[in-house]
Amino acid sequence: MAEILVLVDHIDGTVRKTTLELLTLARRLGEPSAVFLGTGAAEATETLGRYGARKIYVVDVPEVESLLVTPAVDALVDIARSTDPAAILTPSHSDGRETAARVALRLESGLITDAVDVTQGEAGPVTEQSVFAATYQVTAHVTQGTPVITVKPNATAPEAAPTTPSVTKWDVALGPAQSGVKVLSRTPRERGDRPELTEADMVVSGGRGVNGGENFAVIERVADALGAAVGASRAAVDAGWYPHSHQVGQTGTQVSPQLYLAAGISGAIQHRAGMQTSKTIVAVNKDKEAPIFELADYGVVGDLFTVLPQLAEEIESRKG
């Protein structure tokens with residue numbers, strides 16, 4: 001079977017869920033091979049093998065931590081030219097998309113970004129995407145070179161397929177052009193107990209209808225009862241009610257969870273573009289004419305301050 005390169009997204013060897021999803025999708029297309037950069041490869045090997053990586057290419061160069069995406073680009077291009085893979089998959093976050101674009105340019109290959117599904121077609125990988133602010137769903141495939149595809153988080157549920165991978169150390173020589181921009185310092189972002197917005201299986205978001213930052217407590221209560229991440233509409237973050245890092249929308253974070261609960265959100269196109277690919281959408285809004293109901297799988301016409309506390313109580317009682 002053809003080799004499929006998967007760029008590993010990790011933190012000091014702890015493999016992130018997005019990579020497990022990519023390995024699961026890669027098995028539809030061929031034999032997954034993980035490309036690991038940085039420190040912690042020994043810790044990551046067991047996890048990568050458990051989710052089907054047949055090979056692991058370890059790129060251990062000192063510059064990895066101090067440079068931006070150039071080491072990943074150089075590594076993927078070098079490995080691809082040597083192995084001739086059937087596809088290259090990267091996570092669809094800012095670094096993943098930039099890496100994919102540079103790789104595709106160097107390989108003179110086609111690029112597909114923000115795929116929400118990948119399957120094997122007669123002519124190679126076929127993707128599904130939401131385009132034009134999620135107004136249309138399209139299928140696409142690359143017609144030239146090695147397909148380079150970025151995949152949105154939660155495109156599929158990770159499925160284990162245990163195997164014992166072979167590990168190959170891959171040397172990449174970085175020239176002076178690659179070190180033109182360096183990372184001088186890093187400050188870890190403070191995290192709570194809630195899951196990351198982009199990786200969460202469930203997201204509970206509040207909008208203009210929350211009517212104040214102090215009222216986001218009701219959104220947080222439902223999110224915590226579900227084990228979900230908290231999101232917010234652009235109107236809510238622009239008003240200063242919730243941090244901009246939690247904004248869901250075309251100009252914020254694009255999410256695709258299994259469950260998206262929108263409370264007090266009208267459903268403007270900017271917000272819809274960031275969550276329309278969610279598997280199940282539930283809306284709570286006082287306005288029965290709100291556009292969000294056109295998109296929702298389930299809708300409740302009512303005051304969120306009445307509906308959400310009852311929902312939280314019901315969830316908490318069932319968990320207890």
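Where a number appears in this text, it was derived from the coordinates with a stated rule and is not lab data. These numbers come from a predicted model, not from an experiment. Positions of Cβ are backbone-derived with ideal geometry, glycine not excepted, and every protein chain shown enters the neighbour counts.
Tell me which DSSP H helices of the chain clear both cut-offs, 30 Å or more of axial length from alpha-carbon atoms and a mean Kyte-Doolittle hydropathy of at least -0.5. Working shown, then result.
Numbers: long enough: none.
TM-like helix candidates: nothing returned.
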Q: Mind giving me the nanometre distance, one decimal, between the label points for Lys286 and Asn211, set 7 Å out from Cα along Cα→Cβ?
A: 0.5
Q: If a/c stays under 1.5 just call it rounded; otherwise compare a/b with b/c (prolate if a/b is bigger, oblate if not). Do that for the stretch 202-319, with a ≥ b ≥ c from the square roots of the Cα gyration tensor eigenvalues.
A: rounded
Q | Farthest positive-ward along the chain dipole, Cα basis, beta-carbon charges - from Thr280, Ala236, Leu308 | A | Ala236
Q: Could you list the trypsin sites (Lys or Arg not before Pro) in the stretch 140-207 that lie in coil according to DSSP, counting only those with at most 13 other Cβ atoms within 10 Å of their Cβ?
A: Arg186, Arg189, Arg191
Q: Would you compute, from DSSP H runs of 4+ residues alone, the mean residue ellipticity of the chain at 222 nm, taking -39500 (n - 2.57) per run and dividing by the full residue count, rounded to the nearest 500?
A: -8500 deg cm²/dmol
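Net charge within 10 Å of Gln254 by Cβ-Cβ distance, Lys/Arg positive one each and Asp/Glu negative one each, not counting Gln254 itself?
On the way: positive: Lys152; negative: Asp114.
Neighbour charge sum, excluding Gln254 itself: 0.
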Q: Could you size up the charge dipole of the chain around its Cα centre, putting +1 on the beta carbon of Lys and Arg and -1 on that of Asp and Glu, and report it in debye to the nearest 20?
A: 160
Q. Can you work out the FRET efficiency for the pair Ser94 and Thr163, with r the C-beta to C-beta distance and R0 = 30 Å, to the nearest 0.05?
A. 0.45
Q. What is the local net charge at Glu31, summed over the other residues whose Cβ is closer than 15 Å to its Cβ (Lys, Arg +1; Asp, Glu -1)?
A. +2
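Between Ser179 and Ala42, take the C-beta separation as r, use R0 = 30 Å, and let me know the FRET efficiency to the nearest 0.05. Don't jump to the answer; show the numbers that get you there.
Values: r = 27 Å, r/R0 = 0.89.
Taking R0 as 30 Å, the efficiency between Ser179 and Ala42 is 0.65.
So, with +1 on the Cβ of K and R and -1 on the Cβ of D and E, and no other charges, what is the size of the charge dipole of the stretch 3-179 about its Cα centre, to the nearest 20 debye?
Values: 13 positive and 22 negative charges, 51 e Å.
About 240 debye.
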**Q.** 20 Å binning of all Cα-Cα separations within the chain, expressed as whole percents from 0 upward
**A.** 31, 53, 16, 0
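Test of understanding: ordering Arg81, Arg318 by Cβ neighbours within 10 Å, fewest first, what list do you get?
Working: Arg81 12, Arg318 8.
Starting with the residue having the fewest Cβ neighbours, the order is Arg318, Arg81.
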Q.
Looking at the chain as a GNM with Cα springs under 10 Å, which of Ser179, Ser166, Ser94 has the largest mean-square fluctuation?
A. Ser94
Q | q = 0.17, 0.19 Å⁻¹: log10 I(q)/I(0) that the Debye formula gives for the stretch 3-179, counting C-alpha atoms only | A | -1.01, -1.27
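Please arrange Thr143, Thr163 by how many other C-beta atoms lie within 10 Å of their C-beta, fewest to most.
Numbers: Thr143 10, Thr163 16.
Neighbour counts put them in this order, fewest first: Thr143, Thr163.
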Q: Mind checking which of Gly30, Val167, Leu111 is farthest towards the positive end of the chain's charge dipole, using Cβ charges of +1 (Lys, Arg) and -1 (Asp, Glu) about the Cα centre?
A: Leu111
**Q.** Along each principal axis, Cα extent of the stretch 72-158, largest first, Å
**A.** 38, 30, 27
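Cα convex hull of the stretch 124-273: mean projected area in nm², to one decimal? It would help to have the intermediate numbers written out before the result.
Details: hull surface 55.9 nm².
Spelled out: convex hull of the Cα atoms, projected over all directions, averaged, 14.0 nm².
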